[in-house]
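Just so you know, all these numbers are worked out from the coordinates, no wet-lab data involved. Just so we're clear, the structure is a prediction, and the values are computed from it rather than from any experiment. Glycine gets a Cβ as well: all are built from the backbone with ideal geometry, and neighbour counts include every protein chain shown.
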């Protein structure tokens, strides 16, 4: 569950520093989510840096039983995020890996065990960081549409992310939230699962997209890009006219850009730091 | 085979636990004490009513699992209650009754058309009449004990099972029923061969997950709650 | 039972293409989940009771030799016999020996997953006994020549119409023109047919949900009443139970019972919870003359003291499979052995080895719902992950996956190489996919694009754009910015 007490002593007059763990999927597939996260963190009064040396949280190896590689990659991460008050990721899955599992990986390591635990304690999923740590009451943005929300598994069950994104969405002008009845059921992504067991994954995502369509919503939101790529890809293949965004994009007022899988991405606006 | 298997299994357990032999000394005393004291855990609030509310809990929860319940104020009302139940369910006028001292007091002469026989069942009886040991309000559960006065077959073979339960025998939680039972256990400390906890009539969901009553055991469970 | 766990993928493909199975699974998924949620909501102490149940079992497992010996002495005192069986073969032999000694001809059985685990029916039939399963679901699959596909609802994969067909083929002595349209008619027919079987049977075999050390008692939890008839009517009652079923006292069993039915079927309490202690006493009017208990190890002692010990808390409620999206997609038979779903993904490699059952722990998205609903708070994903590690360490993971992980690991621990590689790949993919915004097929990701589109990457990585923007890179950068 979310640790509401700040693990780091942050002095009153010194601004809070956040290292953004952008996650590999956001880095590669949808950089605008990274910019949305930066925007939200800055609005909350944080100073944000993006360590260059970050790559991946190690989950692909960890979940494949390859602990040696997972440890090597995670050690790099521990190093990269040294010195920040907090580490924030726009993903419950990666934040869960850092909070819950990286400390397990180094439990017997005489040098890195404490550092891994410390990193875990200061790492948060984006929406839970904004609400639980920064006390952001709600977001200020606009989006015209009826949205439904999928609760990604790791964020929900490892980190207790459920109410935080909904609370933030309440402040979005023009947005109506219609709850998805099976919002807590896995979408079938599961990292490498979706390519190792494509048929089962397909069955799961088909049930998910038909439940999404049944809500009548025109937009799907979630807090993990992996799940979103899966569901958006299925809806696109099925020809369903439902758009998909990462919740951070809507909260940061970036819902006017192309949805996931839509053409027309133009990143030039972000390059000079003039967005939002 | 068995003794060497026993030794090997116990040996593997002890090895996994880092012991070379049985638990001894203080640790063993502690375990012995736990067995004797039988610590109770959490007793849910819903099992903690007393008096009339406790009885009402039992009745409504038994009804909630499709048992039927009828209040009677004296044993002498049993023949009427049984006859009415049989008529309502289109059943032949015959009952197989447990050879229980309480039930033996019932005067059936007021219902001469009703055939009442005593003993165990061999599967031919449509209706049985037995005596419960306790009612557990927590889930509307009956506790019945096997013994010379209580054939187990009467609880399961007939299509309808009628049970006499005294109001004073209704307790809150399962643990309360065990304590009541422990007071009754003989000097050998051995439980009745069978203790049946019965919560509503027999049912199955094995075909398409839809509950139907009367799978192998009784289709009907009728509880006569006797004021005392 | 011969395992087909290795063929999980092929089994799944078959399951996904079976319309009857898919229809049956659709019904199951909703029913069990809703009922459990309702039962949980109706008991405010439910989660505290789960913690307590976990603690009781942990205490018992820590001292299990003491409790087993205490239990054994209590059974003997009540006139029963305890047999210890190291493995399936020994357990089967004990049953066969008892049946031979009793000159039995026919055997009836209550539902028991342990008897499936030791493949008891086949052994009894091979020795010439008539074996009849009496639980309705088990009876249906016995007629069909199948294994259970769910631990508490063995015939969950079978539709009503299929049961009617099976009954017509099996019950040839009944009027062929009879109606079998309704569930009630099917249940009534099974009741009639099986009634005689109980009465004719010499030996009744049941499993046990609990064994109670305090009193030497075995407990079965059922709804139909078949287990009670199975253990009451024949001359001999054999209980076959795995050793971790032991709990200290009647009160401990009651405490765990509070979470069992609620987690399994969503009932507050099952219709019949039966506590049996020893054989019929001299003055008892009915009951078996002999009472035997077989305590089965079959791999459990190997789990003690390991990272898989938590699994020995399992009370076989089935909540993990009821809530598992993978089980819900492919059903129980795809798992290929006795225990399906998340519990099976841990028990199968534990009991029959990683080489045989190692596929199952991989077939999970780690969504964590199983752990979330487990009444005994068993960390199922953690154990599945541990089996993946064992499989990987033993070199049993597919070579392509190992090769991929090697490359990935090599790149991902070298940030500058990582950035170069991702920049190139993403630049290429972004350039190819920009017009459409998505791919309909990708040569190396057909597992993905066979079923869904792949959103095209933006063409530039966040990291490169952050460079362009000259964004802060470290805590020191931020300090410098603040100082300015």
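Can you bin the protein assembly as shown into rounded, prolate or oblate? Criterion: square roots of the alpha carbon gyration tensor eigenvalues sorted a ≥ b ≥ c, rounded for a/c under 1.5, prolate for a/b above b/c, oblate for the rest.
Details: a/c = 2.07, a/b = 1.97, b/c = 1.05.
Verdict is prolate for the protein assembly as shown.
Work out how much length residue C:184 to residue C:420 would gain on full extension: take 0.36 nm times their residue separation and subtract the Cα-Cα distance, in nm to one decimal.
Length gained, residue C:184 through residue C:420: 78.2 nm.
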> What Kirkwood hydrodynamic radius, in Å, does chain C give when the mean of 1/r is taken over all pairs of distinct Cα atoms and then inverted?
Replying inline: 25.3 Å
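Taking a ≥ b ≥ c as the square roots of the Cα gyration tensor eigenvalues, with a/c under 1.5 meaning rounded and otherwise prolate when a/b beats b/c, else oblate, which class fits the range B:49-226? Intermediate results must be reported in sequence, preceding the final value.
Working: a/c = 1.32, a/b = 1.14, b/c = 1.15.
Rounded, since a/c falls under 1.5.
Distances longer than 29 Å among the Cα atoms of the range A:74-228: what percent of all pairs is that?
I get 26 percent for the Cα pairs in the range A:74-228 exceeding 29 Å.
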> Between residue B:72 and residue C:87, what is the spin-label point distance in nm, taking each point 7 Å from the Cα along the Cα→C-beta axis?
Replying inline: 5.9 nm
> Semi-axes of the range A:49-95's equivalent ellipsoid from the Cα gyration tensor, sqrt of 5 times each eigenvalue, largest first, rounded to whole Å?
Replying inline: 20, 13, 8
> So for the range B:49-226: antiparallel DSSP bridges make up what percent, rounded to the nearest 5?
Replying inline: 30 percent
> Nearest 10 degrees, 0 to 90: what angle lies between the long axis of helix C:380-393 and the longest principal axis of chain C (Cα atoms)?
Replying inline: 70 degrees
> By how many degrees, 0 to 90 and rounded to 10, does the Cα axis of helix B:2-16 deviate from the longest principal axis of chain B?
Replying inline: 60 degrees
> To the nearest 500 deg cm²/dmol, what mean residue ellipticity at 222 nm is calculated for chain B from DSSP H runs of n ≥ 4 alone, each contributing -39,500 (n - 2.57), summed and divided by the residues?
Replying inline: -9000 deg cm²/dmol
> Remind me, relative contact order of chain C in percent, using alpha carbon pairs under 8 angstrom and six or more residues apart?
Replying inline: 20 percent
>> Need one number: the % of Cα-Cα pairs in the range A:138-260 sitting beyond the 21 Å mark.
In response: 33 percent
> Roughly how compact is the range C:171-243, stated as its Cα Rg over 2.2 N^0.38 Å to two decimals?
Replying inline: 1.42
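Only Cα pairs under 8 Å and at least 6 apart count here; give the relative contact order of the range A:29-130 as a rounded whole percent. If you can, show how the numbers build up before the last one.
On the way: 107 pairs, mean separation 26.9, N = 102.
26 percent.
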> Roughly how tilted is helix B:78-88, in degrees to the nearest 10 and between 0 and 90, from the longest Cα axis of chain B?
Replying inline: 80 degrees
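Determine the calculated [θ] at 222 nm for chain C from helices alone, applying -39500 (n - 2.57) to every DSSP H run no shorter than 4 residues and normalising by the residue count; nearest 500 deg cm²/dmol. Working shown, then result.
Working: 24 runs with 251 residues, N = 484.
The per-residue figure over chain C is -15500 deg cm²/dmol.
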>> If every alpha-carbon in the range C:310-446 counts as one equal scatterer, what log10 I(q)/I(0) does Debye give at q = 0.09, 0.16, 0.18, 0.21 1/Å?
In response: -0.40, -0.89, -0.98, -1.13
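For a quick check: sort C:446, C:364 by the number of other beta carbons within 10 angstrom, fewest at the front.
Values: C:446 12, C:364 26.
Fewest-to-most ranking of C:446, C:364: C:446, C:364.
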> Mean projection of the alpha-carbon convex hull of the range C:415-483 over all orientations, in nm²?
Replying inline: 6.2 nm²
> By counting other Cβ atoms within 10 Å of each Cβ, how are C:46, A:189, A:106, B:26 ranked from fewest to most?
Replying inline: B:26, C:46, A:106, A:189
> Taking N as the number of residues in the range C:226-307, what is its alpha-carbon radius of gyration divided by 2.2 N^0.38 Å?
Replying inline: 1.33
> When the Cα centres of the range C:17-47 and the range C:311-341 are compared, how far apart do they sit, in Å?
Replying inline: 13 Å
> Where the centre of each part is set by its Cα atoms, how far does the range C:388-408 sit from the range C:180-224, in angstrom?
Replying inline: 46 Å
>> So if I take the alpha carbon set of chain A, get Rg, then get Rh from the Kirkwood formula, what is the Rg over Rh ratio?
In response: 0.95
>> Report, to one decimal in Å, the Kirkwood hydrodynamic radius for the range C:43-302 based on all distinct Cα pairs.
In response: 19.2 Å
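Could you state the orientation-averaged shadow area of the convex hull built on the Cα atoms of the range A:16-132, in nm² to one decimal?
Details: hull surface 26.6 nm².
Taking a quarter of the hull surface, the average projection is 6.6 nm².
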> Where a ≥ b ≥ c are the square roots of the eigenvalues of the C-alpha gyration tensor, would you call the range C:198-339 rounded, which needs a/c under 1.5, or, failing that, prolate if a/b is larger than b/c, or oblate?
Replying inline: prolate
> Can you work out the FRET efficiency for the pair residue C:41 and residue A:214, with r the C-beta to C-beta distance and R0 = 22 Å, to the nearest 0.05?
Replying inline: 0.40
>> Give the separation of the Cα centroids, the range B:114-132 to the range C:119-140, in Å.
In response: 31 Å
> Where Rh is the Kirkwood radius over the Cα pairs of the range C:131-277, the temperature 20 °C and the viscosity 1.002 mPa s, what D in µm²/s does Stokes-Einstein return?
Replying inline: 128 µm²/s
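Rounded to the nearest 5, what % of DSSP beta bridges with both residues in the protein assembly as shown are antiparallel?
Bridges in the protein assembly as shown that DSSP calls antiparallel: roughly 25 percent.
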>> Just to be sure I understand the model, the point goes 7 Å from the Cα along the line to the Cβ. What's the resulting residue B:27 to residue B:107 distance in nm?
In response: 6.6 nm
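Suppose only helical runs count, i.e. DSSP H with n ≥ 4. What mean residue ellipticity at 222 nm does that imply for chain A under -39500 (n - 2.57) per run, divided by all residues and rounded to the nearest 500 deg cm²/dmol? Each step should come with its number before you reach the end.
Details: 13 runs with 106 residues, N = 276.
Theoretical 222 nm ellipticity from helices: -10500 deg cm²/dmol.
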> FRET efficiency for residue A:178 and residue C:436, Cβ-Cβ distance as r, R0 = 35 Å, nearest 0.05?
Replying inline: 0.75
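For Cα pairs less than 8 Å apart in space and 6+ apart in sequence, what is the mean separation divided by the residue count of chain A, i.e. the relative contact order in percent? Present the calculation step by step, with values, prior to reporting the outcome.
Working: 487 pairs, mean separation 51.9, N = 276.
Once divided by the residue count of chain A, the mean separation gives 19 percent.
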>> Over chain A, with a Gaussian network built from C-alpha contacts below 10 Å, which listed residue (A:264, A:145, A:135) shows the highest mean-square fluctuation?
In response: A:264
